[in-house]
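> Once you've had a glance at the structure underneath, I'll fire off some questions.
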Amino acid sequence: MTSATLLTPATSSRPGDERPGKTTRAAERAYIRVLVVLDTAVLAVAILVGYLARFGDEEPTGSEIPYVVVAPVLLLVWLVSLKAMRCYDDQVLGYGADEYRRVSAASMRLAGGIAIAGYIADVGVSRGFLAISFAVGTIGLEVARFAARKRLHRARDRGAGWSRKVLVVGDTAHVLELVHTLRREPYAGYQVVGACIPDALLAPVPQRLGDVPVVGSFRGIPEAATAIGADTVAVTASGELTATRLRRLGWQLEGTGVDLVVAPALTDVAGPRIHTRPVAGLPLIHVEAPEFRGARKLVKGFVDRSISSIALLVLAPLLIVIALAIKIDSRGPVLFRQTRVGQGGEEFGVFKFRTMVVNADALLAELAARNETDGLMFKMRDDPRVTRVGRLLRKWSLDELPQLVNVLLGQMSLVGPRPPLPSEVARYDGDVARRLLVKPGMTGLWQVSGRSDLSWEDGIRLDLYYVENWSLAADLTILWKTFGAVLNSRGAY
């Protein structure tokens, strides 16, 4: 998933060891070295697998160049291709999908280039060897990057690991909003260490905005960054920070090793919808409208139905076992059909394995006072209505599997907002109602970000973010993360 606040780089420079952010830069370089070692190891294994899969114990024939030369040259050129595609750029490492896209693009472009060059020069290197090596290598690079990123995220959650030390500059209200946004996703790697506010708001005694110390005013931003060891200055909205003053701030930070980023008042918009176009020296940010229909929607529907039909066939034995367990454990039907609201406000019956006693709805009024979540949903960790088998099914999200039928029928999607109850929709305001612009999903950002542990406000924010910024690539990422969320069983009750 991307950060809720767009951080647009305005200037970037490389510091020496004596400049601000020395510790951060050292941690960044150490992380990049780890990635280079990982990439080298993955590519070496991929090339070896390609060789063994193609030739086995046989002696390669038909090539004028021995493979003992081809292998190391291919490895070196592949690493150079990753470097050329800026796969080690600190602007994309550790957060967002751009890192994965660049790794795949570097591998695919190199594969295409080698195929064309090999055909023209008639070198005779085995196409099977190259195809297997590139397939294994590309997948291996993505998996290695994912593993490295997860380790980095865990370190950042603990307050360790490579993170940017950020000095936030702007009016107090905007500073607090940006600080809240950056801290909402600590694994993004922006650690706020101080703030600068307008001169008129400074007091003669030390000030704090929440727990963020105020370290100066707009007159001494570079000095304040140096004093607290910040390597990034994040400028948010302020009437006093005119275009001229912002440009001069960029000049002042040149050569200091401190990056300047601008956080516009534009939240929850994904990168692919944003395009920067310079007009009369002014970088205008163009935001494309969300896409709710068209060819990509047709492809999404085709993918949903294809995957759901295959999944139902593959999971049929498991579904039968679960049905028998429910029938043996408690009285009542195996499946539970509940009315939910789908795309455009149309109601449909969502299928689930029954996890509660048969009179669960009648008991809800008695438990209303013990609701453990805010907003319109009812959630309770130790809900007495849940059966023994039901607790196990909920822990591993197995009760959701019958919704594959809803996906096959076109009522739901594999990925989308949580399907709401009619009683919830009746209390929606104008903003929340935008969740109904797309089909509800079996999984989504809400499910992979904590499920029931999230507040109502955060759950709605994630659903609306998906509605505005959905893409097939994002769907695949969410499906991948769903497996981790299910295995972790965090927020499942």
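> Relative to the present Cα-Cα distance, how much length would full extension add between Arg293 and Val334 at 0.36 nm per residue of separation?
11.1 nm
> Once you sort the root eigenvalues of the Cα gyration tensor of region 196-317 as a ≥ b ≥ c, which label holds: rounded (a/c under 1.5), prolate (a/b larger than b/c) or oblate (the other case)?
prolate
> Sequence neighbours fewer than 8 away in the same chain don't count; with that in mind, list the lysines whose C-alpha is under 19 Å from Lys165.
Counting by Cα, and skipping residues close in sequence, Lys165 has these lysines nearby: Lys22.
> How much length is gained if the chain between Lys83 and Arg127 is pulled fully straight, taking 0.36 nm per residue apart and subtracting their Cα-Cα distance, in nm to one decimal?
13.4 nm
> Over region 386-473, with the other protein chains present, what is the accessible area per residue in square angstrom, probe 1.4 angstrom? Intermediate values should be presented prior to the final figure.
Values: 3250 Å² over 88 residues.
Result: 37 Å² of accessible area for each residue.
> Still on this structure: Heavy atoms only, probe 1.4 Å: what % of the accessible area of region 118-158 goes to carbon and sulfur, would you let me know?
On the way: 1440 of 2310 Å².
Reported share for carbon and sulfur atoms: 62 percent.
> Any idea how far apart Arg305 and Leu409 come out in nm if each label point goes 7 Å out from Cα toward Cβ?
Once both label points are built, they end up 1.5 nm from each other.
> Can you tell me the relative contact order of region 101-185? Whole percent, Cα pairs under 8 Å, sequence separation 6 or more.
Once normalised by length, the contact order is 22 percent.
> Solvent-accessible area per residue for region 58-183 at a 1.4 Å probe radius, Å²? Mind dumping the intermediate values first?
Numbers: 6460 Å² over 126 residues.
Each residue of region 58-183 exposes 51 Å² on average to a 1.4 Å probe.
> Further question on the same structure: Using a Förster distance of 25 angstrom, determine the FRET efficiency expected from the C-beta separation of Leu201 and Ala426, and round it to 0.05.
0.05
> Ranking request for peptides 428-438, 161-171, 212-222, 70-80: highest mean number of other beta-carbon atoms within 10 Å first, then the rest in descending order.
So the peptides 428-438, 161-171, 212-222, 70-80, ranked by packing, come out 161-171, 212-222, 70-80, 428-438.
The values are calculated or read from the model by the stated rules, or taken from the named source; none is laboratory data. In this text the structure is predicted, and so the values were computed from the model without any measurement. Cβ: placed from backbone, ideal geometry, glycine included. Neighbour counts: every protein chain shown. Ligands, DNA and RNA are stripped out before the accessible areas are found, and what is left, the full protein with its side chains, is counted by its heavy atoms. Shrake-Rupley method; radii C 1.70, N 1.55, O 1.52, S 1.80 Å.
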